[in-house]
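Heads up: the structure comes next, in structure tokens.
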Amino acid sequence: MHALVTGGAGFIGSHLTDALLSRGTAVTVIDNLSTGRTSRLPVGVDLRKVDITDTDAVTAVAEEVRPQVIFHLAAQIDVRASVEDPARDAAINIGGTINLLQAALAVGAKLVFASTGGALYGVRAPIPSDERVLPAPEAPYGTAKYGAEQYLGLFNRLHGTGHTALRLGNVYGPRQDPSGEAGVVAIFAGCAHRGQQPTIFGDGAQTRDYVYVGDVVAAFIAAAATERGGIWNIGTGRETSVLELIQHVGQAAGRAVDPVFAAARPGELQRSALDAGAARRDLGWTAATPIEEGIARVYTWVRDGQPEQGGL
Ligand SMILES: NC(=O)c1ccc[n+]([C@@H]2O[C@H](COP(=O)([O-])OP(=O)(O)OC[C@H]3O[C@@H](n4cnc5c(N)ncnc54)[C@H](O)[C@@H]3O)[C@@H](O)[C@H]2O)c1
């Protein structure tokens, strides 16, 4: 078994790479190292410094290693950057995905794509949102992920492939860059460790579906194991507010964390949670890690100096 992991030097992709290697799967990583770091990868891993927008280079790697499965996680993940430069975001997140779909077709591989749930369903979605909710993204990032999903579904119809998109909640865990909205757990854990006051934008009542990275890795592996194509939400089904997160971080740190409040960020979604009932039924997957436990692991990771290896 040989897997190709795009974005394998990133936060989620490096944990997925570790999990695959520990199961005896050979792994080739494609990453342009824009936000990824080689230090997250085990020494000796087959890393190709390739940009996914480079059609020929992506195809050449796939034809050389002939993977059975392609885990496609490489992406432009910065929502604000997608608003500033939607064409660049689409070139990477749609154009790059089409390149991977073409490469998968050339070598007969199944592709599992990292899509988004949190940035997809929009402000009027019922909570928790299931996969039947019509996407209404609030930023080009979500629109591009939705567009990439559309191409994936098209390839399944046109070519009879069984590709899969996983709509991820707010993934958190060790190795996450403490920047941007997704890194809020790592940011709060860092503040708690240094005895600083974290800043909350708005009143802290805004909710997200925080799903632990180890559970997300398990979802990718479960999705690869089924022949069936489709789209599945990967989340806990539970809303956690920013204020609750702070409390959990305080418990992990063994001291109360006292935030400061700043003006709400314009356009920020107020509530989000994903119904992952379909993933439970079809993939046998559930989010197994309670949030208290996941946050405690992030705190330990921060306390230990944020090592790039291990950590799950
Ligand atoms: N972290 C979350 O909460 C979350 C939520 C929903 C979806 N996702 C998706 O999961 C995937 C992984 O996210 P992450 O949090 O690990 O982000 P990350 O930034 O840590 O990882 C992305 C990786 O892709 C690489 N990359 C970026 N552009 C590239 C390009 N043009 N060519 C080749 N490599 C490129 C980066 O160097 C990085 O290693 C992304 O597709 C993201 O959209 C993440």
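Tell me, in nm to one decimal, what length is gained between Ser241 and Gln197 on full extension, where the rule is 0.36 nm per residue of separation less the Cα-Cα distance?
Value of the extension gain: 14.1 nm.
Taking the radius of gyration and the Kirkwood hydrodynamic radius from Cα positions alone, what is the Rg/Rh ratio for segment 69-224, to two decimal places?
Using only Cα positions, Rg/Rh for segment 69-224 is 0.99.
I want the local charge near Val217. Using Cβ-Cβ distances under 13 Å, sum +1 for each Lys or Arg and -1 for each Asp or Glu among the other residues.
Its environment carries a net charge of 0.
Karplus couplings for segment 274-283 from phi (6.51 cos²θ - 1.76 cosθ + 1.60, θ = phi - 60°), rounded to Hz, Gly and Pro as x?
Each residue of segment 274-283 in turn: 10, 7, 9, x, 5, 5, 5, 5, 8, 10 Hz.
Between helix 11-22 and the chain, what is the angle of the helix's C-alpha long axis to the longest principal axis, kept within 0 to 90° and rounded to the nearest 10?
In the chain, helix 11-22 runs at an angle near 60 degrees to the longest axis.
If Lys and Arg each add +1 and Asp and Glu each add -1, what is the summed charge of the other residues whose beta carbon sits under 12 Å from the beta carbon of Arg281?
Charge balance in the 12 Å sphere: -2.
Which net charge results for the neighbourhood of Asp31, defined as the other residues with beta-carbon distances under 15 angstrom from its beta-carbon, given Lys and Arg at +1 and Asp and Glu at -1?
Counting the neighbours of Asp31, the net charge comes to -1.
Rounded, prolate or oblate: which fits segment 1-130, taking a ≥ b ≥ c as square roots of the Cα gyration tensor eigenvalues, rounded meaning a/c under 1.5, else prolate when a/b beats b/c?
Prolate, since a/c reaches 1.5 and a/b exceeds b/c.
Kindly identify segment 166-205 as rounded, prolate or oblate by the Cα gyration tensor criterion: order the square roots of the eigenvalues as a ≥ b ≥ c, call it rounded if a/c is under 1.5, otherwise compare a/b with b/c, prolate if a/b is larger, else oblate.
oblate
How high is the FRET efficiency between Arg157 and Gln68 when r is their beta carbon distance and R₀ equals 22 Å, given to the nearest 0.05?
Plugging the Cβ-Cβ distance into 1/(1 + (r/R0)^6) gives 0.50.
Roughly what % of DSSP beta bridges within segment 156-267 run antiparallel, to the nearest 5?
15
Relative to the longest principal Cα axis of the chain, at what angle does helix 213-225 sit, 0 to 90 degrees, rounded to 10?
Here the helix axis deviates by roughly 20 degrees.
Once you keep just the Cα pairs under 8 angstrom separated by 6 or more residues, what percentage relative contact order results for the chain?
18 percent.
What's the angle, to the nearest 10 degrees (0 to 90), between helix 184-194's Cα axis and the longest principal axis of the chain?
Once rounded, the angle reads 50 degrees.
Cα gyration tensor of segment 18-95, axes a ≥ b ≥ c as square roots of the eigenvalues: rounded (a/c below 1.5), prolate (a/b > b/c) or oblate?
prolate
At a Förster radius of 41 Å, what calculated FRET efficiency corresponds to the Cβ-Cβ distance of Thr38 and Arg124, to the nearest 0.05?
0.45
Out of the DSSP beta bridges found with both residues in the chain, what percent are antiparallel (nearest 5)?
So the antiparallel bridges amount to about 5 percent of the total.
Where a number appears in this text, it was derived from the coordinates with a stated rule and is not lab data. All values reported here derive from a predicted model rather than from experimental measurement. Don't worry about glycine lacking a Cβ; one is built from the backbone with ideal geometry, like all the others, and counts go over all protein chains shown.
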